[in-house]
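Okay, structure first, notes after.
The values are calculated or read from the model by the stated rules, or taken from the named source; none is laboratory data. Bear in mind the structure is a predicted one, so any value in this text is a computation, not a measurement. A quick note on method: Cβ atoms are made from the backbone with ideal geometry, for glycine too, and the neighbour counts reach across all protein chains shown.
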Amino acid sequence: MIVISAASGALGRLVIDNLRARAAVVAVVRDPLRAPEGVPARRGDYDDPASLRAAFEGADRLLLISSPELDPARKTHHHLAAITAAKEVGVGAIAFTSFLDADTTATGMTEAYHATERAILDSGLPYTLLRHPFYSDAFLPQPSDGEITSSTGGRGLNTAFRSDLAAAAANVLTNDDHLGQAYNFTGPLWNYPEVAEALGVPYRELANPAPGPMSWISAQVRAGALERQTPDLERVLGKPAETMISHALSHQRTL
Ligand SMILES: NC(=O)c1ccc[n+]([C@@H]2O[C@H](COP(=O)([O-])OP(=O)(O)OC[C@H]3O[C@@H](n4cnc5c(N)ncnc54)[C@H](OP(=O)(O)O)[C@@H]3O)[C@@H](O)[C@H]2O)c1
C-alpha cells in the first residue's frame, strides 16, 4: 500500500492520478472533504502526530509531500512529526519531496528541506529523496499588452512541471531500484526571450520588478543560479520532461 501525505494539494492529486491504476493508494488529507476522488482517504495533519500515526499505518511506501508552511521552523516541525510517525508505525520506505541544493545548503530557502533530509537519513528508514526545482507552473510566460516581460536577464531556468515531477514520484514509489537514491530533478533549461520568440511576441526586460518573492527569484535567475542541469528527471521519467516552449505553444490560446 502506498500512502500519500498532503494528497489534497496540486502535486498530491497528480501523483494519485499516476498511481491509482498501478497500486493500492491511500490519500492522507487534513480535511476529508478535500480528498481526491476514487481512492480511500485517511485524516492526517502535520500538526497532529496521532493522526499521522493512524494515517501511515500499514504503508509499504510513504510519499511525504513537503508542508506548504513558509516558516522554516514550523515546516521542519511538520516534516519531523511525519518522519517520527512513519518510524513508529514501521513504514516500509519513505520518499520525500525535497528541494534542489537541500543537501548542501542548510540556510535560507532550503533550511527546512536540509533538516528534513538529515532526519530521514538518521531515521534509518529506507528512503528516496526527490529534490525538486521550482515548478514551471508558476513561471508560465504570460503575454500582457502584446508582450512578454521578465527580470531574468535572458538567463536559463531549470524549472519542471508538477505533472512530470508527479509522474517521476509515482515511478519511484512503484520500483525498489530507487531506494537509497537522492535525485536532483531539473527540467529542460529555458528562458523568457526564447519563449517569447516561439510565441511570436516581443520580449522586454524589466529593470525594476515589483518587490516580492518573484523579484527575489528573478535575481537568482539573473545570477545563473537556476541553470544547473542533471539527467535525473529524464532518467526516472523514462522520457524527456516537458519543455516550457512546447507547453506554451500547446496552451497558446489560453495564455
Ligand atoms: N518547487 C516549487 O516550486 C514549489 C512551489 C510551491 C510549493 N512547493 C512545495 O511543494 C509542496 C506541494 O506542492 P503543491 O503544489 O501540491 O502545494 P499545494 O497545492 O499548496 O498543497 C499543499 C498541501 O499541503 C497540505 N497541508 C497544509 N498544511 C498541512 C498540515 N498541517 N498537515 C497536512 N497537510 C497540510 C494542504 O492541505 P489542505 O488541502 O487541507 O490545505 C495541501 O494538500 C508544497 O506544500 C510546498 O512545500 C514547492
Inspect the stretch 183-203 for any residue being within 24 Å of residue 117 (Cβ to Cβ) and polar (S, T, N, Q) and give the result as yes or no. yes
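I need a count of the residues in the stretch 149-166 that are over 13 Å from residue 10 (Cα atoms) and either away from the ligand (no atom under 13 Å from the Cβ) or part of a loop (DSSP other than H, G, I, E, B) (or both). Even if it seems obvious, please write down each step before you answer.
Keep residues of the stretch 149-166 that are over 13 Å from residue 10 (Cα atoms), which gives 149-160.
When the remaining residues are screened for being either away from the ligand (no atom under 13 Å from the Cβ) or part of a loop (DSSP other than H, G, I, E, B) (or both), the result is 149-156, 158-159.
Selection size over the stretch 149-166: 10.
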Tally up the residues in the stretch 170-188 that are buried (at least 17 other Cβ atoms within 10 Å of the Cβ) and assigned to a helix (DSSP H, G or I), please. 5
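Could you list all residues from the stretch 113-125 that are part of a helix (DSSP H, G or I) and touching a residue at least 12 places away in the same chain (Cβ under 8 Å)?
Here is the first cut: in the stretch 113-125, the ones part of a helix (DSSP H, G or I) are 113-123.
Of everything in the stretch 113-125, those that are part of a helix (DSSP H, G or I) and touching a residue at least 12 places away in the same chain (Cβ under 8 Å) turn out to be 113, 114, 115, 116, 117, 119, 120, 123.
Any idea which of 72, 32 is of a type outside the set (Val, Ile, Thr) and closer than 24 Å to residue 183 by Cβ?
Numbers: 32 fails: closer than 24 Å to residue 183 by Cβ.
Exactly one residue qualifies, and that residue is 72.
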Kindly establish whether residue 88 is among the acidic types (Asp, Glu) and within 16 Å of the ligand (Cβ to nearest atom). no
Restricting the first residue to the stretch 44-68 and requiring it to be modelled with pLDDT of 95 or more, which pairs with a second residue that is among the basic types (Lys, Arg) meet a Cβ separation below 6 Å and a spacing of at least six or different chains? 45/30; 51/43; 55/42; 67/75
Residues that are part of a loop (DSSP other than H, G, I, E, B), of a type in the set (Val, Ile, Thr) and either touching a Lys or Arg at 6+ places or on another chain (Cβ under 8 Å) or more than 20 Å from residue 124 (Cα to Cα) (or both), drawn from the stretch 45-97: 91
Any residue at all in the stretch 45-59 that is within 13 Å of the ligand (Cβ to nearest atom), surrounded by fewer than 21 Cβ atoms within 10 Å (Cβ to Cβ) and under 26 Å from residue 217 (Cβ atoms)? no
Test for residue 146: is it more than 16 Å from the ligand (Cβ to nearest atom) and in contact with a helix residue (DSSP H, G or I) (Cβ under 9 Å, 6 or more places away or on another chain): no
Condition first: more than 28 Å from residue 230 (Cα to Cα) and surrounded by fewer than 15 Cβ atoms within 10 Å (Cβ to Cβ). Now tell me which residues in the stretch 189-204 satisfy that. 200, 202, 204
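Quick check on this structure: which one of 110, 105 is polar (S, T, N, Q) and either within 12 Å of the ligand (Cβ to nearest atom) or in contact (Cβ under 8 Å) with a residue 12 or more places away in the chain (or both)? Explain how you work it out, then say what you get.
Details: 105 fails: either within 12 Å of the ligand (Cβ to nearest atom) or in contact (Cβ under 8 Å) with a residue 12 or more places away in the chain (or both).
Just one listed residue meets the conditions, 110.
Residue by residue through the stretch 221-251, note down the ones that are of a type in the set (S, T, N, Q) and under 22 Å from residue 183 (Cα atoms). So that I can check it myself, show each step before the final result.
Keep residues of the stretch 221-251 that are of a type in the set (S, T, N, Q), which gives 229-230, 243, 246, 250.
229, 230, 243, listed by residue number.
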Among the numbered criteria (1) surrounded by 15 or more Cβ atoms within 10 Å (Cβ to Cβ); (2) touching a Phe, Trp or Tyr at 6+ places or on another chain (Cβ under 9 Å); (3) of a type outside the set (S, T, N, Q); (4) more than 19 Å from residue 233 (Cα to Cα), which single criterion is violated by residue 130? (4)
